[in-house]
Amino acid sequence: MSERTGEHRHAVTLTVNGVLREATVPARRLLSDCLRHDLGLTGTHVGCEHGVCGACTVLLDGEPVRSCLTFAVTVDGHEITTVEGLAEGGELSPVQRAFSECHGLQCGFCTPGFLCTVTAFLRDNRTPTDEEVLEAVSGNLCRCTGYQNIIKAVHRAAEIQAEESG
Amino acid sequence: MKPSPFDYHRPAGLGEALQTLAETGSHGKVLAGGQSLIPLLNMRLAAPGHLVDINGLTELATISADASGVRVGALARHAAVERAGSARAVQPLLAQALALVAHPVIRNRGTVVGSLVHADPSAEMPAVLALLGGSVRLARLGGERDVHARDFFVGPLESACLPGEMAVSAFFPALPERSGTAFCEVARRHGDYAVAGVAAAVTLDEDFRITAARVACVSVGPVPVVVDVTGVCGPRPPASVDWDEVARAVQDRIEPEDDIHATAGYRRHLTGVLVTRALRGAAQDAAQSTAHDAGEGRA
């Protein structure tokens, strides 16, 4: 597209899931599209593209952000963690295992956003209350589960995390 | 759902940013957190020719607090201001309101000053600035000016920030001793824009009588609606205030409209309920700080 419009392209270097990646993108390239189209990391899902659904949530320097409300050029030089980077050494992370165990997903479209959001949340709050869990996932929409199993999965993930660190 | 093309500028300093804004005039737009601007760009409701990305200007990510109030720089994210203990100590209303701004993930990126310039009459930050009588510092090439909150919010999504200008910081004044604050709102879901919301500040005298009380209402007018209710509330203790009368005094001043989320009548009703709730909460908060001060005085 930008080849046809003659749009200026910018070289961007990102550390994605610990790997240095480079792309040449127009300034208007959303981080979500850069990850999916330019870097081939299609684990990050794109739902509403205006910040409501949370499906595109990734970690920017460790903090969850909407990749559809961030330009790739803005985060040049920064670290990104996507859902592909949550598992370690081929083993699912505690949050991923808990979602699987508790049936915290059905179609899976919203799941990458939930996993990234919850991973950062449980890093900062290892023993959350029900109320805190509700608030933590309130910015992510799921159209399958009715949320109850997602809430259970967050508590279960906190348990797994505690068992494994203890 | 992709933005139109634009020329991208990433200034290395504030001077360069102001130079670019001066050159691009009404075609230039500042990109800070982007949590309001990028949805508008994605939906092509806005299509500026030039974006000036200030995310590299970390010298603007400041939060400084002293006895007079809290000054927040243009790149201070909502989450950082919410967590800043010094800001919370001087002006607790900031953190009370920030907990209601969108979702935690949006607050990681969005900025307080960006919310002010966006000037959404449904948003919390403009109401806080309006209630406290704060100001926004606007810089342009070769000068700057401070604009009081009452002049800053011009209309829905319209602030006093002119082409070529950039909001570099905002100042949220502290309240006098024996004051308390609260922010109450009703939203369909946690983190949604409020159907109605009220920020309140109350000051008591040494005998716990209300000497100053005012509210700022969101989603019920083109800009945050500030109403001073000192006359209806005081000078008497909160327990003997006729709260229904106070609610009516505010309801007479607001201009809610029907939309897809609520009727004007429902917004008016909610605002009345929230005025009472927020003022009583603020009075309680003030009474606690007054009791605390008295306790310290005796010790």
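Each value in this text was obtained by applying a stated rule to the coordinates, not by laboratory testing. Treat the numbers as computed from the prediction; the structure is a model and nothing was measured. So basically every Cβ, Gly included, is an ideal-geometry build from the backbone, and we count neighbours across all protein chains shown.
A few notes on this one:
- Over segment B:3-43, the Kirkwood radius and the radius of gyration, each from Cα atoms, give a ratio Rg/Rh of 0.98.
- Put the Cα centre of segment B:59-84 next to the Cα centre of segment B:239-271 and the gap is 32 Å.
- Relative contact order for segment A:2-85: 34 percent, from Cα pairs under 8 Å spaced at least 6 residues apart, divided by residue count.
- Relative to the dominant Cα principal axis of chain B, helix B:264-298 is inclined by about 70°.
- Across the options B:87, B:102, B:239, the greatest Cα extent toward the positive end of the charge dipole of chain B (unit charges at beta carbon of Lys, Arg, Asp, Glu) belongs to B:102.
- Helix-only CD estimate at 222 nm, as mean residue ellipticity for chain A, using -39500 (n - 2.57) per DSSP H run (n ≥ 4): -9000 deg cm²/dmol
- Chain B - Rg (one decimal) and Dmax (whole number), Cα, Å: 19.8, 66
- Taking every Cα-Cα distance in segment A:1-69 and sorting them into 10 Å bins from zero, the calculated P(r) comes out as 20, 51, 26, 3 percent.
- When shorter helices are ignored and each DSSP H run of at least 4 residues is given -39500 (n - 2.57), the per-residue value for chain B at 222 nm works out to -10000 deg cm²/dmol.
- Angle of helix A:148-165 to the longest C-alpha principal axis of chain A, folded into 0 to 90 degrees and rounded to 10: 80°.
- In terms of its Cα atoms, segment B:1-158 spans 43, 37, 28 Å along the principal axes, sorted from long to short.
- The base-10 log of I(q)/I(0) for segment B:179-294, evaluated at q = 0.14, 0.18, 0.22 Å⁻¹, reads -0.53, -0.82, -1.11 [Debye formula, identical scatterers on Cα atoms, solvent excluded].
- Within a Gaussian network of chain B (alpha carbon springs, distance under 10 Å), most fluctuating of B:204, B:75, B:141: B:141
- Tail weight of P(r) past 37 Å, computed on alpha-carbon pairs of the protein assembly as shown, percent: 31 percent
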